[in-house]
Structure formats: structure tokens, C-alpha cells
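Participant: The following block contains the structure, expressed as C-alpha cells.
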There are 2 protein chains.
Amino acid sequence: MYFDEFRVGQVFHLEPITVTLEEILAFARQYDPQRIHVDADFASQGPFGGLIASGYHTLSMVWSRWIAKDVLGDASMGGPGLDRVQWLYPVRPGDTLYTTVTISQARLSKSQPRGIIGMHFEVVNQEGARVMSTDGAALIQLRPEG
Amino acid sequence: MYFDEFRVGQVFHLEPITVTLEEILAFARQYDPQRIHVDADFASQGPFGGLIASGYHTLSMVWSRWIAKDVLGDASMGGPGLDRVQWLYPVRPGDTLYTTVTISQARLSKSQPRGIIGMHFEVVNQEGARVMSTDGAALIQLRPEG
């Protein structure tokens with residue numbers, strides 16, 4: 001989508017994420033090998049009562065479904081960052097995560113010929129518990145003239 | 001480290017990250033398959049003049065080196081979130097990333113018998129360009145009595 005197609009308040013529902021033990025372990029072994037993410041026996045004695053996904057993994061899985069939605073597409077010029085990443089509830093093997101993305105701002109850049117959109121992510125699990133939220137931004141090309 | 005070992009202002013230097021094309025592609029294909037991250041020909045025509053790492057990948061690589069440092073260890077009780085994730089400069093294949101983590105706060109929880117530390121991450125590349133910064137938090141066990 002080009003910038004002029006974005007509207008504040010648009011809501012996108014992403015494809016649900018089915019979280020597998022194998023993917024939790026593969027991500028965590030490479031990027032977050034804390035024992036609560038990679039050692040089921042240790043994790044079962046810990047504050048969460050079992051193995052949970054790395055928050056960085058949850059964040060990456062959610063982002064993957066946003067890209068798969070192909071809303072940003074090739075008009076995206078990158079993302080400057082994220083604010084208020086909140087990991088609110090454990091993500092466990094077998095969970096299903098449902099994500100909505102709400103366009104929270106859409107404005108022209110003051111310095112460059114492009115747009116900036118805000119995206120608010122809300123992620124809940126199969127029981128309706130909020131597991132993550134965050135606010136991102138993306139730089140979006142203007143529609144070519146003519 | 002238990003909570004009482006953390007001091008505001010402590011600085012930790014993490015093991016440098018050598019960013020490979022293979023790892024950029026592997027992460028991006030799974031979690032951020034935008035063409036600027038997975039299609040070198042497309043990326044060479046784009047705003048960055050070449051393939052760049054997903055910001056989520058940079059974030060995850062940096063976190064992996066923090067865990068490898070083993071400062072948090074098994075006294076960590078999870079992280080509530082991140083603030084102000086800023087992707088400031090492109091990360092390209094062959095880059096080397098240097099990260100410092102500064103303890104930005106260390107306080108007792110008001111509601112639970114545990115500590116909360118703040119961690120400020122600063123990441124620069126081999127040319128000294130700032131590529132990423134963020135602020136995280138971690139819940140840390142108190143030292144057992146006796």
C-alpha cells in the first residue's frame with residue numbers, strides 16, 4: 001500500500017500463530033538461551049511452571065505475520081523503531097496467538113518526501129489473555145505521480 | 001548475579017557480533033521476509049543500496065550476546081519489555097557490532113520480593129556509527145537469606 005491508502009483506525013487481523021516447542025527451542029538456542037526458554041526441567045520449577053517462549057521470539061513471530069499480510073509491501077522504506085514493547089503473559093508451546101494491528105498515525109514526514117505510519121500491535125492467546133503489545137512505525141513511499 | 005550485585009552505572013561490554021549474509025537471510029526468511037532483507041538485487045536498487053539485516057534480527061543478536069555474558073543468569077525472572085528500540089543505521093553483511101549495556105536503574109519491586117534492573121543498550125558498528133539503542137528491564141531474584 002502507498003501512503004495515501006493508510007487511515008488512522010484501520011485494523012488488520014493477522015494470521016494466527018501456532019507456537020511449537022520446536023520453534024521455541026530453535027529460536028531460544030540461537031538468540032535467548034536462558035534456561036526458562038531451553039531447559040524444560042529447570043523451567044518446570046521456575047516462576048512460570050514450564051518452558052516459555054523468548055519475548056524476542058514472540059515479537060519476531062508477530063512481525064512475520066504482519067509482513068505476510070503484505071500491507072507494507074515494497075513501498076516500505078524501513079522502520080525507525082519500536083516503543084513500549086510489553087511482554088504481558090507467558091507464551092507456551094501449543095499456544096495460538098491472535099494479533100491485531102491498528103494504524104495509530106499516518107502523517108507526512110517533515111524532512112523527506114514520504115509518509116510515516118504508526119502501527120499498534122495487540123496479541124492475545126487462545127484464552128483471550130493479552131500476551132504482548134507494542135507500537136511500531138514504518139516509513140512509506142508516496143504514490144508516484146501520474 | 002543477584003539483585004544486590006547490580007549498581008546503576010555499571011557498564012558491560014558484550015562480545016562483538018560479526019554479521020554474516022547467511023544469518024541475515026536465515027532470520028529474515030523466517031521472520032521478516034521483506035525484499036530489502038532477502039533479495040539482494042532488489043535491495044541494491046533501494047534506499048539502502050544493498051541488503052540489510054532485519055531490525056528484529058539485530059535486536060535478537062544483541063540480546064544473545066547479553067545472555068552469553070551470563071550477567072543475568074538463573075536469578076533472572078523474565079523481562080517485562082523494551083522501550084525506545086531505535087534502529088538508527090543499516091546493518092550489512094560483514095559488519096561487526098559492538099554493544100555496551102549500562103545498568104540504568106536498580107530498584108526493589110513495590111509489589112513482590114524481587115528487584116528490577118534497567119539495561120540501556122548501545123550498539124555501534126566497526127566505523128563507530130550508532131546502529132541501535134534500546135532500554136530493557138529484567139526482574140531479578142533477591143539473594144536467598146542465610
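Participant: Give B:PHE27, B:PHE48 a once-over and let me know the one that is touching a Lys or Arg at 6+ places or on another chain (Cβ under 9 Å) and of a type in the set (A, V, I, L, M, F, W, C). Don't jump to the end; show me each part of the working.
Facilitator: Values: B:PHE27 fails: touching a Lys or Arg at 6+ places or on another chain (Cβ under 9 Å).
Going through B:PHE27, B:PHE48 in turn, just one is touching a Lys or Arg at 6+ places or on another chain (Cβ under 9 Å) and of a type in the set (A, V, I, L, M, F, W, C): B:PHE48.
Participant: Check the range B:103-122 and report whether any residue there is more than 21 Å from A:GLY46 (Cα to Cα), more than 14 Å from every other protein chain (Cβ to nearest Cβ), within 13 Å of the chain's Cα centre (by Cα) and among the aromatic types (Phe, Trp, Tyr).
Facilitator: Within the range B:103-122, none of the residues are more than 21 Å from A:GLY46 (Cα to Cα), more than 14 Å from every other protein chain (Cβ to nearest Cβ), within 13 Å of the chain's Cα centre (by Cα) and among the aromatic types (Phe, Trp, Tyr).
Participant: Sticking with this one: Please work out if A:ALA43 is touching a helix residue (DSSP H, G or I) at 6+ places or on another chain (Cβ under 6 Å), more than 9 Å from chain B (Cβ to nearest Cβ), at pLDDT below 95 and in a helix (DSSP H, G or I). Write out each step before concluding.
Facilitator: Details: touching a helix residue (DSSP H, G or I) at 6+ places or on another chain (Cβ under 6 Å): yes; more than 9 Å from chain B (Cβ to nearest Cβ): yes; at pLDDT below 95: yes; in a helix (DSSP H, G or I): yes.
Here the answer is yes, as A:ALA43 does meet what is asked.
Participant: State whether one or more residues within the range A:76-99 are assigned to a strand (DSSP E or B), in contact (Cβ under 8 Å) with a residue 24 or more places away in the chain, away from chain B (no Cβ under 12 Å) and surrounded by fewer than 20 Cβ atoms within 10 Å (Cβ to Cβ). It would help to see each step written out before you state the result.
Facilitator: Going residue by residue through the range A:76-99, those that are assigned to a strand (DSSP E or B) are A:76, A:81-87, A:96-99.
With in contact (Cβ under 8 Å) with a residue 24 or more places away in the chain added as a condition, the list becomes A:76, A:81-87, A:96-99.
Cutting the leftovers down to away from chain B (no Cβ under 12 Å) gives us A:96-99.
Subset that is surrounded by fewer than 20 Cβ atoms within 10 Å (Cβ to Cβ): A:96, A:98.
Yes, that holds for at least one residue.
Participant: Restricted to the range B:106-134, and to residues that are among the charged types (D, E, K, R) and outside any strand (DSSP E or B), which residue is farthest from B:SER64 (Cα to Cα)? Even if it seems obvious, please write down each step before you answer.
Facilitator: Quick first cut of the range B:106-134, residues among the charged types (D, E, K, R) only: B:107, B:110, B:114, B:122, B:127, B:130.
Next, only the ones that are outside any strand (DSSP E or B) stay: B:110, B:127.
On the way: B:LYS110: 29, B:GLU127: 22 Å.
The qualifying residue farthest from B:SER64 (Cα to Cα) is B:LYS110.
Participant: Another question, if that's okay. Would you check if there is a residue in the range A:136-145 being part of a loop (DSSP other than H, G, I, E, B), basic (Lys, Arg), over 20 Å from A:THR58 (Cβ atoms) and touching a residue at least 12 places away in the same chain (Cβ under 8 Å)?
Facilitator: Quick first cut of the range A:136-145, residues part of a loop (DSSP other than H, G, I, E, B) only: A:142-145.
Add one more test, that the residue is basic (Lys, Arg), and what stays is A:143.
In the following step, the residues that additionally are over 20 Å from A:THR58 (Cβ atoms) were identified as A:143.
Of the ones still in play, those that are also touching a residue at least 12 places away in the same chain (Cβ under 8 Å) are A:143.
Taking every residue of the range A:136-145 in turn, at least one turns out to be part of a loop (DSSP other than H, G, I, E, B), basic (Lys, Arg), over 20 Å from A:THR58 (Cβ atoms) and touching a residue at least 12 places away in the same chain (Cβ under 8 Å).
Participant: Working only within the range A:101-132, note down all residues that are under 16 Å from A:LEU88 (Cα atoms) and either without any contact (Cβ under 8 Å) to a residue 40 or more places away in the chain or not small (Gly, Ala, Ser) (or both). Before the answer, list the steps.
Facilitator: As a first pass, look at the range A:101-132 and keep what is under 16 Å from A:LEU88 (Cα atoms): A:120-132.
Residues satisfying the conditions are A:HIS120, A:PHE121, A:GLU122, A:VAL123, A:VAL124, A:ASN125, A:GLN126, A:GLU127, A:GLY128, A:ARG130, A:VAL131, A:MET132.
Participant: Turning to a different aspect of this structure: Quick one: is B:ILE103 touching a Gly at 6+ places or on another chain (Cβ under 8 Å) and either closer than 23 Å to A:THR134 by Cα or in a strand (DSSP E or B) (or both)?
Facilitator: On the way: touching a Gly at 6+ places or on another chain (Cβ under 8 Å): yes; either closer than 23 Å to A:THR134 by Cα or in a strand (DSSP E or B) (or both): yes.
When the stated conditions are applied, B:ILE103 passes them.
Participant: When you go through A:LEU59, A:LEU51 one by one, which is the residue that is touching a residue at least 40 places away in the same chain (Cβ under 8 Å), facing chain B (nearest Cβ under 7 Å), crowded, with 17+ Cβ neighbours inside 10 Å and under 23 Å from A:GLU127 (Cα atoms)?
Facilitator: Numbers: A:LEU51 fails: facing chain B (nearest Cβ under 7 Å).
Within the list A:LEU59, A:LEU51, the selection yields A:LEU59.
Participant: Follow-up. How many of the residues in the range A:1-40 are touching a residue at least 12 places away in the same chain (Cβ under 8 Å), touching a helix residue (DSSP H, G or I) at 6+ places or on another chain (Cβ under 7 Å) and not in a loop (DSSP other than H, G, I, E, B)?
Facilitator: Of the residues in the range A:1-40, 9 are touching a residue at least 12 places away in the same chain (Cβ under 8 Å), touching a helix residue (DSSP H, G or I) at 6+ places or on another chain (Cβ under 7 Å) and not in a loop (DSSP other than H, G, I, E, B).
The values are calculated or read from the model by the stated rules, or taken from the named source; none is laboratory data. Everything numeric in this text was worked out from a predicted model, so none of it was measured. Backbone-built Cβ (ideal geometry, glycine too); neighbour counts: all protein chains shown.
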